[in-house]
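In what follows, a structure is listed as structure tokens, so that the remarks can point back to it.
The values are calculated or read from the model by the stated rules, or taken from the named source; none is laboratory data. What you are looking at is a predicted structure, and each value in this text was computed from that prediction instead of being measured. Cβ coordinates were reconstructed from backbone atoms using ideal geometry, including for glycine residues, and neighbour counts include every protein chain displayed. SASA here: full protein model, heavy atoms, side chains in, ligands and nucleic acids out. Shrake-Rupley method; radii C 1.70, N 1.55, O 1.52, S 1.80 Å.
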Amino acid sequence: MNVDLSLRCRALLLLLCLFGSARLAASEVSDTSPKVLRYAFRVSETGFDPAKVTDIYSRIVTSHIFEGLYTYDHLARPAKLKPLTAAALPEVSADFKTWTIRIQPGIYFADDPAFKGKKRELTAADYVYSFKRFADPSTNSPTWDGLEENHLLGLNEYRAQVQKSKQPFDYDKPIEGLRALDRYTLQIKLGKSRPRFDQNLADGSLLGAVAREVIEAYPEHSSEHPVGTGPFQLASWRRSSQINLDKNPGYRERYYDAEPNADDAEGQALLARFKGRRIPMIDRVEVAIIEENQPRWLSFLDGQFDLLDRTPEDFINQAMPGGKLAPNLVKKGIQSFRVVTSDVLFTVFNLEDPVVGGYSPERVALRRAISLGTDSEREIRIVRRGQAISAQSIMLPHTTGYDASFKSESGEYDPAKAKALLDLYGFIDRDGDGFREQPDGSPLVLESLTTPEQFQRQIDQIWQKSQAAIGIKVQFKTAKWPENLKAMRAGKFQIWSLASSAAAPDGQDALGFFFSERIGGQNYARINLKSLDELYNQTNALPDGPERLALFTELKRLGAAYAPYRPRGHRIITDLAHAQLLGYRRPQFWLNFWEYVDVDERLRLVK
């Protein structure tokens, strides 16, 4: 009896010591342990060379490694441009063709062996080189079209000359429209008026400065060896599995500051809490790649991740019953952040495909019928659990040209009208198997790219059934998302359903879906119509105002008539965060936010 009591006392003493040690460790965390942000991407990255990426997940990473000349105020709504590496907003000529930018002295690239032990300062020449890389045919940049349409004087012409001659791109050749006037002054001259060109300069994920020495030191591995001036640097990378980044130890002194609206209570609270803090506030970011929704959700609940970026639709009712955070999550200190995001879910048809492509009446009718037979409302209601709003065009919420009251056939579900169109143009069931044949009697079978996760399979099943209901057979070709993206860029696909997010407040970029010069880039449908190109060029040159908005509407109506895309919805995104993640606010158009958040490791241990 006495031995048993003694053992119990010693066990109790041990527990008290352990508890005291745990409390002590928690109190020491703030001073000694690195602050680590942990979360997961739902889609694999493709690489980290700004001139070679286009997918949003790779660009989230590059936006924290590289820096553009400008950025957006993290808390301002509506979005507001502010200098990042530039010393001030650009000096712009009256015709919006000449843009002069002064760069801050004393900004340095992260250390790298390519610099041979010397500190490497950012200069205007770095932006000249970085922009030229998009024009170099050997770079094969998927986003060259974005610069190309701005007609930097001499750049498009030199690219064409290099392509024709098959000679290497000469980066030392002077280009009139892209010059470093001195060490810290960049001048860009455009062949056409571009009133909103500065918004392009705010996308550091693509137009961030790279160092020529680094690219030339790792010519075949630029996607694996990113070196920029940004707040973070790549520490390790297991492709499609894990991405780890550390705070750039040589990052310049930069402090939290913003200008939220006076009536923005959340923004004002964040500013009051963090104003004057040196950024970044965290030491490390660890990103896992988890494509399936259930393990990503469970990993967050288990505390493995601080942030759940986009709560999976499968679990939204568990997380937010009735639109409010579940009591069990509230008890855990979990926070919710809900927004209608600036994106669009859509189905794209390859207009160069012999079945769904082309401009003849019967091919246009086929695309329109497929669109009319697409039950996107059912997809939103059942698979997405109501976490989207209906889309009537390819335009994105919160951008110029988006009109919530706009209605068109693009967003309509009418299987009776779809059947009537198919009948009228000779797509009928000739053999009685329940599926239609083409007007010449050959089989009509649609092939859509897709991805293997369970969530996408649910969406595919709804679409397949809705098409079967109008007599169209659908089959799927399954591959990982990066492989599907590559196939789409090359035009080696028939149909794919995906999403696009806004990178700027202006809606011009979404109109690029219809611009022929963006084929192989953002013109996923590969549509080539003079009338659409003319409208695109007019909207690009006009200042903001009623005349420009009227052209947006005209282009949306033409898009509905030719049906190269079937818009399906705009997502409502709910992010969740554990109590230790402080200062989070989903960016509106930009992708960088890591430098604006803090992690209190003591709260992680307490849970």
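Among the residues of region 39-48, which ones are assigned to a loop (DSSP other than H, G, I, E, B) and touching a strand residue (DSSP E or B) at 6+ places or on another chain (Cβ under 7 Å)?
Once the filter is applied, which keeps residues that are assigned to a loop (DSSP other than H, G, I, E, B) and touching a strand residue (DSSP E or B) at 6+ places or on another chain (Cβ under 7 Å), region 39-48 yields SER44, GLU45, PHE48.
Name the one entry in ARG296, ARG278 that is in contact with a Lys or Arg (Cβ under 9 Å, 6 or more places away or on another chain), free of Cβ contacts under 8 Å to residues at least 60 places away in the same chain and of a type in the set (Lys, Arg).
On the way: ARG296 fails: free of Cβ contacts under 8 Å to residues at least 60 places away in the same chain.
It is ARG278.
The conditions are (1) surrounded by 17 or more Cβ atoms within 10 Å (Cβ to Cβ); (2) touching a residue at least 60 places away in the same chain (Cβ under 8 Å); (3) more than 23 Å from PHE455 (Cβ to Cβ), and PRO83 fails exactly one of them. Which is it?
The number of the failed condition is (2).
So which residues in region 96-107 are farther than 11 Å from ILE188 by Cβ and open to solvent by less than 70 Å² (accessible area, probe 1.4 Å)?
If the condition is that a residue be farther than 11 Å from ILE188 by Cβ and open to solvent by less than 70 Å² (accessible area, probe 1.4 Å), then ILE103, GLN104, GLY106, ILE107 are the ones that fit.
State the number of residues belonging to region 335-368 that are open to solvent by 10 Å² or more (accessible area, probe 1.4 Å) and among the β-branched types (Val, Ile, Thr).
Of the residues in region 335-368, 5 are open to solvent by 10 Å² or more (accessible area, probe 1.4 Å) and among the β-branched types (Val, Ile, Thr).
Based on what the data block shows, is GLY276 at positive phi, of a type in the set (Gly, Ala, Ser) and open to solvent by 10 Å² or more (accessible area, probe 1.4 Å)?
yes
Confirm whether GLN467 is closer than 30 Å to ILE56 by Cβ, surrounded by fewer than 17 Cβ atoms within 10 Å (Cβ to Cβ) and in contact (Cβ under 8 Å) with a residue 12 or more places away in the chain. Spell out how you get there, then give the answer.
Numbers: closer than 30 Å to ILE56 by Cβ: yes; surrounded by fewer than 17 Cβ atoms within 10 Å (Cβ to Cβ): no; in contact (Cβ under 8 Å) with a residue 12 or more places away in the chain: yes.
So GLN467 fails the test.
Restricting the search to region 159-180, which residues are surrounded by 15 or more Cβ atoms within 10 Å (Cβ to Cβ) and in contact with a strand residue (DSSP E or B) (Cβ under 9 Å, 6 or more places away or on another chain)?
Matches in region 159-180: ILE175, GLY177, LEU178, ARG179, ALA180.
Which of the residues spanning region 544-583 are over 30 Å from ASP95 (Cβ atoms), of a type in the set (Phe, Trp, Tyr) and in contact with a Leu (Cβ under 8 Å, 6 or more places away or on another chain)?
The one that is over 30 Å from ASP95 (Cβ atoms), of a type in the set (Phe, Trp, Tyr) and in contact with a Leu (Cβ under 8 Å, 6 or more places away or on another chain): TYR562.
Could you please give the count of residues in region 405-432 that are over 13 Å from ILE470 (Cα atoms) and in a loop (DSSP other than H, G, I, E, B)?
Initially, region 405-432 is screened for residues over 13 Å from ILE470 (Cα atoms), giving 405-412, 424-426, 430-432.
Okay, now just the ones that are also in a loop (DSSP other than H, G, I, E, B), so 405-408, 412, 425-426, 430-432.
Residues that pass the stated criteria total 10.
Of the residues that sit in region 453-464 and are of a type outside the set (D, E, K, R) and in contact (Cβ under 8 Å) with a residue 40 or more places away in the chain, which one is most open to solvent (accessible area, probe 1.4 Å)?
Narrowing region 453-464 to residues of a type outside the set (D, E, K, R): 454-456, 458-459, 461-464.
Retained after the next criterion (residues that are in contact (Cβ under 8 Å) with a residue 40 or more places away in the chain): 454-455, 458-459, 462-463.
Values: GLN454: 80, PHE455: 19, GLN458: 46, ILE459: 9, ILE462: 24, TRP463: 26 Å².
Here the residue is GLN454.
Could you go through region 320-331 and let me know if any residue there is closer than 22 Å to ARG378 by Cα and in contact (Cβ under 8 Å) with a residue 60 or more places away in the chain.
yes
Only one of these is over 20 Å from PHE274 (Cα atoms) and in contact with a helix residue (DSSP H, G or I) (Cβ under 6 Å, 6 or more places away or on another chain): LEU591, LEU511, LEU529, LEU576. Name it. It would help to see each step written out before you state the result.
Details: LEU591 fails: over 20 Å from PHE274 (Cα atoms); LEU529 fails: in contact with a helix residue (DSSP H, G or I) (Cβ under 6 Å, 6 or more places away or on another chain); LEU576 fails: in contact with a helix residue (DSSP H, G or I) (Cβ under 6 Å, 6 or more places away or on another chain).
Just one listed residue meets the conditions, LEU511.
Exactly one condition in (1) open to solvent by 20 Å² or more (accessible area, probe 1.4 Å); (2) within 25 Å of ILE572 (Cβ to Cβ) is false for ASN484; which is it?
Status for ASN484: all satisfied but (1).
Answer yes or no: is there a residue in region 181-191 that is of a type in the set (A, V, I, L, M) and open to solvent by 50 Å² or more (accessible area, probe 1.4 Å). Can you show your working first?
Narrowing region 181-191 to residues of a type in the set (A, V, I, L, M): 181, 186, 188, 190.
Of the ones still in play, those that are also open to solvent by 50 Å² or more (accessible area, probe 1.4 Å) are 181.
Yes, the conditions are met somewhere in region 181-191.
Would you say GLN538 is of a type outside the set (A, V, I, L, M), modelled with pLDDT under 95 and touching a helix residue (DSSP H, G or I) at 6+ places or on another chain (Cβ under 6 Å)?
Considered against the rule, which asks whether it is of a type outside the set (A, V, I, L, M), modelled with pLDDT under 95 and touching a helix residue (DSSP H, G or I) at 6+ places or on another chain (Cβ under 6 Å), GLN538 comes out as no.
Could you tell me how many of the residues in region 370-409 are open to solvent by 40 Å² or more (accessible area, probe 1.4 Å) and in contact with a strand residue (DSSP E or B) (Cβ under 7 Å, 6 or more places away or on another chain)?
Number satisfying all stated conditions: 2.
Where the second residue is of a type in the set (A, V, I, L, M) and the first is without any contact (Cβ under 8 Å) to a residue 40 or more places away in the chain and lies in region 105-126, which pairs have Cβ atoms under 7 Å and are six or more apart or on separate chains?
Correct list of pairs: GLU121/ILE107.
Report yes if some residue within region 205-226 is open to solvent by 60 Å² or more (accessible area, probe 1.4 Å), assigned to a strand (DSSP E or B) and closer than 22 Å to PRO50 by Cα; otherwise report no. Before you say what the answer is, go through the steps one by one.
In the first step, residues of region 205-226 are kept if they are open to solvent by 60 Å² or more (accessible area, probe 1.4 Å); the result is 212-213, 216, 219-221, 224.
Okay, now just the ones that are also assigned to a strand (DSSP E or B), so none.
For region 205-226, residues open to solvent by 60 Å² or more (accessible area, probe 1.4 Å), assigned to a strand (DSSP E or B) and closer than 22 Å to PRO50 by Cα: absent.
Any residue in region 167-183 that is small (Gly, Ala, Ser) sitting within a Cβ distance under 9 Å of a residue that is assigned to a loop (DSSP other than H, G, I, E, B)? List the pairs, counting only those 6 or more apart or interchain.
Short answer, once both residue conditions are applied: GLY177/ASN150; GLY177/HIS151; GLY177/LEU153; GLY177/GLY154; GLY177/GLY191; ALA180/THR123.
Restricting attention to region 578-607, and to residues there that are modelled with pLDDT of 95 or more and of a type in the set (Asp, Glu), which single residue is farthest from GLY208 (Cα to Cα)?
The extreme case among them is ASP600.
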